[in-house]
Amino acid sequence: MRSLYIRSMDKLYGLCIVVCVASVVIMTCLIFAGVVMRVGFTTGARFAEPLSIFFAVQLTMYGAAACYRAQVHLRLRVFVKMLSGRLQRATEILVHLLMGTVAVLMIVYGASLTQTTWFQAYPEFDYVKVGLVYSAIPGSGFVTLLFVIETLLFRHTEDEPDQDLRRAMDQTEEEEHRLASGEDARTLPHG
């Protein structure tokens, strides 16, 4: 169960990254097209701004979820590092529980906002609804909640990168020792 959940979250994390990269690329193209049309053809691209806003919201919301899972989000660890080991772990759990609460609030209030604005359209075109833009809030809240569950149940978040680095360094040192001592030396047949 643990490995299946973590693999699923790896795929979901990858999907968040794809959404973010696609959003940046599409926003860049839309803004470039808008500028070219305004400067070169003296007519503005009315579609560029609302679509750019749509992709900016997607980038922000799903990017925040991805940052939470990768543990590259903004945080202040100075005071937590001053605590003893048990208090550090309790503080980390409290922070993740609070993050889970924020994710649930995003789902509940984001769904309400999406529902309220679903039938409002942008003046530039009718087929992009304002509610569609805001649907990223409950969607990313759900993704973040899944990442919080993964963190609380299956991962030791704060020590994990250091432990992985330490484990890789230990394996490298063991491999170097074996090669230096000739234990793992294999002779190739002479042709």
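Want the number for Asp10 to Val108: 0.36 nm per residue separation, take away the alpha-carbon distance, what's left?
32.8 nm
Here, the chain has an Rg and a Dmax of 24.0, 78 Å when only alpha carbons are counted.
What FRET efficiency, computed as 1/(1 + (r/R0)^6) with R0 = 22 Å and r the Cβ-Cβ distance, is obtained for Val128 and Thr60, rounded to the nearest 0.05?
With R0 = 22 Å, the Cβ-Cβ based efficiency is 0.80.
Distance between the modelled labels on Leu94 and Leu152, one decimal in nanometres: 1.6 nm (7 Å Cα→Cβ projection). Relative to the dominant Cα principal axis of the chain, helix 160-181 is inclined by about 40°. Could you check the simple spin-label distance between Val36 and Thr117, using points 7 Å along Cα→Cβ, in nm with one decimal? Between Val36 and Thr117, the simple spin-label model gives 3.0 nm.
FYI, it's all coordinate maths here, none of it is from the lab. A quick note: this is a predicted structure, and the numbers were derived from the prediction, not measured. In this analysis, Cβ positions are derived from the backbone assuming ideal geometry, glycine residues included, and neighbour counts consider all displayed protein chains.
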